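These notes concern the structure reproduced below.
The values are calculated or read from the model by the stated rules, or taken from the named source; none is laboratory data. All values derive from a computational prediction rather than experimental measurement. Virtual Cβ from ideal backbone geometry, glycine too; neighbours counted across all protein chains shown. Please note that ligands, DNA and RNA were not included when accessible areas were found on the heavy atoms of the full protein model with its side chains. Shrake-Rupley method; radii C 1.70, N 1.55, O 1.52, S 1.80 Å.
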Amino acid sequence: MNQESRLKSILEKGIFAVTAECGPPRGADPDAVLKKAGMLREKADSVNVTDNQTAIVRMSSLAACAILKQAGVDPVLQMVVRDRNRIALQSDILGASSLGIRNVLCLSGDHQSFGNQPKALGVFDLDSMQFLQAVRAMRDSGLILGGEALTKPPRLFIGAAANPFADPMDFRVTRLAKKISAGAEFIQTQCIYNMDRFRKWLQLARNRGLTERVYILGGVTPLKSAAMARYMKDRVAGMDVPQTIIKRMEGVPKERQREEGIRICVETIAELRELAGVKGVHVMAIEWEEAVGEILDRAGLLPRPSLD
Amino acid sequence: MITAEQKPIEEIRHMIMPYKKILLLGCGSCVAECAAGGEKETAMLASALRMAAKMNREDTLIQEKNLDRQCVRDFIVQLDGIIHLYDAVLSLGCGAGVQAVAEIFPEVPVIPALNTEFLGQTKDQGLWLENCLGCGDCVLYYFGGVCPLARCSKQLMNGPCGGSRDGRCEVDPETPCAWQLIIENLTRTGGLERLESVFPPKDWSRKQGRGPRKIVREDQQR
């Protein structure tokens, strides 16, 4: 079993990194995870596993990561602070490292009111920033919150999310800087459809020297249809889908909209590769993992380099 | 103040069903300010219950009384000699009032007529907003007078989250984003640089560390 983070090694070598996303099943079905592992294994350097995304109950991200790891995939464990207090979060960090998981992405999580458990208590004992800081101290100083020492620190490559499209715009880069000071080593961004705004955000980050301190992976999600584009614009929190993208999806007949979505995605990746300060791409093909290979192939990012 | 709203009448009727003589007990403090349990609301609930009893041919006696404060012993003892004439008390006090009355008169069942909601302000006529968690360790100074724990849906102390859009909260577009307000206030009054460093985790032991909290003030004791 490979004991290092493949994502970290790729980024440190200066190779444009590729991460993908695997949503665990809504059931106790390891085969569903293995099937997605099969689709993503040779395509992405590492695969994020979402943590009850949109507040819908699914197989735990920790368990799904362990399954991916056994299947030869380098998993990125997504952890949200919505469902666990600091005792459980720190405990799962130790568990993840013990299972050979080498990447973690510290998140707030979608609010519980959006999912299928709207009556749940939202924990939010720590926020994502404080959680990052805690994980970093566990790894680097071997200390948990409150200062007690661990018998063995976890080995993790630590990441966070950033949304360049949310408000207030000026504070977005300050918040990125805070995440880096808190301990983030890599950043995966919200899905990029509004390239102009992304460029502005990146410019502000470059001006503050932040792109030298953290690996930024631009997030992309292929659109399946014009309806999906409209839904994401209107209904998904924090998403910025410009009218030009919606028009473009609407401009082709239904049966060719998937192809158009893939084409937009490939173009976005090509643009991202040209931007100074972007070190990789994070492909979130929501329940469309089979498209990832084609997108990356057409983007010229396959085959993935061997690290041996 | 503590805010509350009246429970649905059917739920109230279900709870008082076993009793024949019921005292409706209003409270003149917070719940009067939020128009849930003051003298006026107590009278209205009493007449609604009398009417419902009449329509259902129930032989129930419903009478009213109001206390200035239902959560303070000195006021509750005014019920001495009265409360025992009833099978039950239907309290229009907050949860603290209901329990305080029940503790002083343990032989009479005290039933809540209200759902106690939150610590908040009267923003406008008919509009009350939550703005305090009662966390035991006020941080308003650091956040431009806007509490991120009570007013950010995700309780972020290092916000805003990625769902802040046009100054509104992603959870409910009717709600202003607390972090937008914090940033605006600190920009206007100075202190924005406070938000550059990571605010450390909250010490929740001040809220729930040793179970229910108490305040002991020897200088106030007799």
Heavy-atom accessible area of region B:133-208 with neighbours in place, 1.4 angstrom probe: carbon+sulfur share in percent works out to 50 percent
Heavy-atom accessible area per residue, region B:1-110, 1.4 Å probe: how many Å²? 53 Å²
Using alpha-carbon coordinates alone, the radius of gyration and Dmax of region A:167-217 in Å work out to 10.3, 28
Checked region A:161-308 with the C-alpha gyration tensor, a ≥ b ≥ c its square-rooted eigenvalues, rounded below a/c of 1.5, otherwise prolate if a/b is larger than b/c and oblate if not; verdict oblate
For a test of the definition: using alpha carbon positions, the gyration tensor, and the 1.5 limit on a/c, classify chain B as rounded, prolate or oblate. prolate
Accessible area drop of at least 20 Å² (1.4 Å probe, protein heavy atoms): which residues of region A:90-136 qualify, relative to the chain alone? A:Ser108, A:His111, A:Phe114, A:Phe124, A:Asp125, A:Asp127, A:Met129, A:Gln130, A:Gln133
accessible surface per residue for region A:217-279, probe 1.4 Å, DNA/RNA/ligands not counted, whole Å² -> 49 Å²
Over all pairs of distinct alpha carbons, what does the Kirkwood formula give as the hydrodynamic radius of region A:1-56, in Å? 12.7 Å
Averaged over B:190-203, number of beta-carbon atoms from partner chains that fall within 10 Å: 4
If you take each beta carbon of peptide A:157-169 and count the beta carbons of other chains within 10 angstrom, what is the mean? 3
For region A:1-143, what is the number of Lys pairs with C-alpha distance below 29 angstrom, counting only pairs 8 or more positions apart or on separate chains? 11
Region A:81-238 - share of DSSP beta bridges that are antiparallel (%, nearest 5): 10 percent
Which percent of the accessible heavy-atom area of region A:53-210 goes to carbon and sulfur, probe 1.4 angstrom? 53 percent
Give me the accessible area buried between chains A and B, both sides summed, with a 1.4 Å probe, in Å² rounded to the nearest 100. 2400 Å²
per DSSP, antiparallel bridges as share of beta bridges in chain A, % nearest 5, sits at 5 percent
Percent of all alpha-carbon pairs of region B:2-118 at distances over 18 Å, whole number, is 43 percent
Helix B:39-55 vs. chain B, principal-axis angle (Cα, 0 to 90°, nearest 10): 50 degrees
per DSSP, antiparallel bridges as share of beta bridges in the protein assembly as shown, % nearest 5, sits at 20 percent
Carbon and sulfur together cover what percent of the accessible area of region B:2-118 at a 1.4 Å probe radius? 52 percent
Between helix B:178-189 and chain B, what is the angle of the helix's C-alpha long axis to the longest principal axis, kept within 0 to 90° and rounded to the nearest 10? 60 degrees
If you average the sequence gap of Cα pairs under 8 Å that are 6 or more apart and divide by the length of region B:72-197, what percent do you get for the contact order? 15 percent
Its Cα gyration tensor gives chain A an equivalent ellipsoid whose semi-axes in whole Å, largest first, are 29, 22, 21
Can you give me the accessible area per residue for region B:133-208, using a 1.4 Å probe, in Å²? 47 Å²
Those lysines that a straight Cα-Cα span of less than 26 Å connects to A:Lys247, excepting residues fewer than 8 apart in one chain: A:Lys200, A:Lys224, A:Lys233
Minimum 40 Å² accessible area buried by the other protein chains, region A:194-243 residues, probe 1.4 Å, relative to alone: none
Given 10 Å bins starting at zero, what is the percent of C-alpha pairs of region B:133-208 in each, up to the one with the largest pair distance? 20, 51, 27, 2
Gyration tensor over alpha-carbon atoms, the protein assembly as shown, equivalent ellipsoid semi-axes in Å: 53, 26, 23
